[in-house]
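Presented below is the structure to which this report refers.
The values are calculated or read from the model by the stated rules, or taken from the named source; none is laboratory data. Owing to the predicted nature of the structure, the values given are computational and were not obtained by experimental measurement. Every residue, glycine among them, receives a Cβ derived from its backbone with ideal geometry; neighbour counts consider all protein chains shown. Calculation scope for accessible area: heavy atoms of the full protein, side chains included, ligands and nucleic acids excluded. Shrake-Rupley method; radii C 1.70, N 1.55, O 1.52, S 1.80 Å.
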Amino acid sequence: MIKSLLLFFSSHISKLFISLVIISLSNFSFAAGEKISYPQLNWSFSGILGTFDRASQQRGLQVYKEVCSGCHGMRLLAYRNLKSIGYNDDEIKAFAADNNVNTINDDGEVVERPARPSDKFVSPYPNDKAARAANGGAYPPDLSLIIKARPDGANYLHALLTGYVDAPKDQKVPDGMYYNKYYSGNLIGMPQPLYEDGVEYADGTKATPDQMAKDVTAFLAWASEPEMEDRKRLGVSVMLFLFLLTALSYFAMKQIWAPIKEK
Ligand code: HEC
């Protein structure tokens, strides 16, 4: 009786443990209340073992820099963070130095200096009001966490960037607004940002809007969760460890109870 109870508990508790680990590893997206459905793509970074595609991320950084950064900041990201997507110190230094930041000189005056690797990404506008004023009243949100901030963020962003189509005849599109089939309400204050060959990729990849949308999404997904690969690696080790521990406990239990079974 005691033995069967113990067996019951040991097998079920370990199952519970493993399910908890799996649940905590998987990326939940609460899509409640969503009416618009968009294409579900196969991202290299989704799933328990998913990792980022470095080449795609680097192309995505280029798209961000050459297209999005005119309107959107990424103020949580520092230039030196780009090391994790495969850039070396000199490249990062040069990349940062393309931007200027304000600083105060010895005479107490505000002057500009080139950004350093330790600086955060320089935002295109000095403040939120300036950002609105330049965009017809619409606020271009900071993109540092955008993939996490939207349900099913990666698929949503890719859809949004490729979702500019002609408005249906009965739909009025006011000045300064654009029709997007994936944006909630369909009218967005962001003009279509991606056009065929909008950037020229150094690795020869053809810059279609779809490709650029995928690349910039891969880059922004990393920016939203730079520790994702480490988290998944740790998760897998924890699962392996728990599996071994479960097996070990099972055999230990068999050994301990063996003399009683014999009687
Ligand atoms: C000309 C300026 C401009 C450019 C360039 C631009 N955006 Fe936007 N973006 C905006 C504005 C303005 C809004 C706010 C729209 C609104 O609230 O209606 C916006 C909104 C967004 C949103 C939020 C949508 C939502 O669900 O609320 C995302 C995501 C976004 N942009 C991503 C991008 C990406 C990625 C790029 C580069 C490929 C880009 N944008 C290029 C101006 C721009």
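Candidates are the residues of the range 209-263 that are among the β-branched types (Val, Ile, Thr) and surrounded by 11 or more Cβ atoms within 10 Å (Cβ to Cβ); the one that is farthest from Asp152 (Cα to Cα) is Thr246. The C-beta contact set for the range 193-214 (first residue among the small types (Gly, Ala, Ser), second residue more than 12 Å from the ligand (Cβ to nearest atom), distance under 8 angstrom, 6+ apart or interchain) comprises Ala207/Glu196; Ala207/Asp197; Ala207/Glu200; Ala207/Tyr201. Residue count for the range 162-189 under the criterion of being touching a Phe, Trp or Tyr at 6+ places or on another chain (Cβ under 9 Å) and either within 10 Å of the ligand (Cβ to nearest atom) or at positive phi (or both): the result is 7. Candidates in the range 119-145 are the residues that are open to solvent by 20 Å² or more (accessible area, probe 1.4 Å) and among the polar types (S, T, N, Q); of these, the one that is nearest to the ligand (Cβ to nearest atom) is Asn135.
Conditions (1) open to solvent by 60 Å² or more (accessible area, probe 1.4 Å); (2) of a type in the set (S, T, N, Q); (3) modelled with pLDDT of 60 or more; (4) in contact with a Phe, Trp or Tyr (Cβ under 6 Å, 6 or more places away or on another chain), marked per residue:
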site: Leu5; (1), (2), (3), (4): yes, no, no, no
site: Ala55; (1), (2), (3), (4): no, no, yes, no
site: Arg59; (1), (2), (3), (4): no, no, yes, yes
site: Gly86; (1), (2), (3), (4): no, no, yes, no
site: Val101; (1), (2), (3), (4): no, no, yes, no
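With respect to the numbered conditions (1) surrounded by 13 or more Cβ atoms within 10 Å (Cβ to Cβ); (2) outside the structural domain of Phe52 (by TED's automatic domain parsing); (3) of a type in the set (Lys, Arg), which one is the sole condition not fulfilled by Lys148? Evaluating Lys148 over (1) surrounded by 13 or more Cβ atoms within 10 Å (Cβ to Cβ); (2) outside the structural domain of Phe52 (by TED's automatic domain parsing); (3) of a type in the set (Lys, Arg) leaves (2) as the failure.
Working carefully through the options Ala78, Ala97, find the one that is buried (at least 17 other Cβ atoms within 10 Å of the Cβ), modelled with pLDDT of 95 or more and small (Gly, Ala, Ser).
Step by step, each of Ala78, Ala97 is checked, and only Ala78 is buried (at least 17 other Cβ atoms within 10 Å of the Cβ), modelled with pLDDT of 95 or more and small (Gly, Ala, Ser).
Checking each residue in the range 169-188 for being open to solvent by less than 50 Å² (accessible area, probe 1.4 Å) and either under 20 Å from Pro151 (Cα atoms) or among the charged types (D, E, K, R) (or both) picks out Asn180, Tyr182, Asn186, Leu187, Ile188. Looking only at residues in the range 190-238 that are under 12 Å from the mean Cα position of the chain (by Cα) and not in a helix (DSSP H, G or I), the one that is farthest from the ligand (Cβ to nearest atom) is Glu227.
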